[in-house]
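Working notes, beginning with the structure itself.
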Amino acid sequence: MKKEITIGFFSGIIATAVGLFLYLQLFFSGEFTNSLQRILEEGLFGKVISLAAIANLIVFFIFIKKNKDYRARGVLLATIVIAALTMIFKFL
C-alpha cells in the first residue's frame, strides 16, 4: 500500500514538472532556465505552479480508471503538497 501511494506521489510531482515545462515552452520565449528565472523575478511562481498542477488531473483520472486507488491517493497527496508550497511562496 505504501509503495503504491509513493508511486502515485512521484507521478504527481513528475506530472507537475512536465506541466511546468510545457507551460514555459508554450507561453514564454527563450530557454527553460531563463523563463523560470523571469517568473521568479516577477513573482509569478505560485501562479505558474498552480497552473502546472492541472496536469495532475490527467494522472489522477488515469489511475482512477485503472482502479489504482492508492496511486490516485498519492497523486492527491502530491497535489496537496504542491498547494501548500504555492501558499508558502505566495506569502514569502
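The values are calculated or read from the model by the stated rules, or taken from the named source; none is laboratory data. Bear in mind the structure is a predicted one, so any value in this text is a computation, not a measurement. Note that we place each Cβ from the backbone using ideal geometry, even for glycine, and neighbour counts take in every protein chain shown.
Within the stretch 52-79, count every residue that is over 8 Å from the mean Cα position of the chain (by Cα) and either surrounded by 15 or more Cβ atoms within 10 Å (Cβ to Cβ) or in a helix (DSSP H, G or I) (or both).
Start the filter on the stretch 52-79 by keeping residues that are over 8 Å from the mean Cα position of the chain (by Cα), which leaves 57-77.
Now drop any that are not either surrounded by 15 or more Cβ atoms within 10 Å (Cβ to Cβ) or in a helix (DSSP H, G or I) (or both), which leaves 57-65, 68-77.
Qualifying residue count for the region: 19.
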| request: Considering only the stretch 54-92, state which residues are more than 30 Å from LEU40 (Cα to Cα) and without any contact (Cβ under 8 Å) to a residue 40 or more places away in the chain. | output: PHE61, ILE62, ILE64, LYS65, LYS66, ASN67, ASP69
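Got at least one residue in the stretch 23-43 being assigned to a loop (DSSP other than H, G, I, E, B), surrounded by 14 or more Cβ atoms within 10 Å (Cβ to Cβ) and touching a residue at least 12 places away in the same chain (Cβ under 8 Å)?
no
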| field | Qualifying position, being β-branched (Val, Ile, Thr), at pLDDT below 95 and under 10 Å from the mean Cα position of the chain (by Cα), among ILE82, ILE88 | value | ILE82
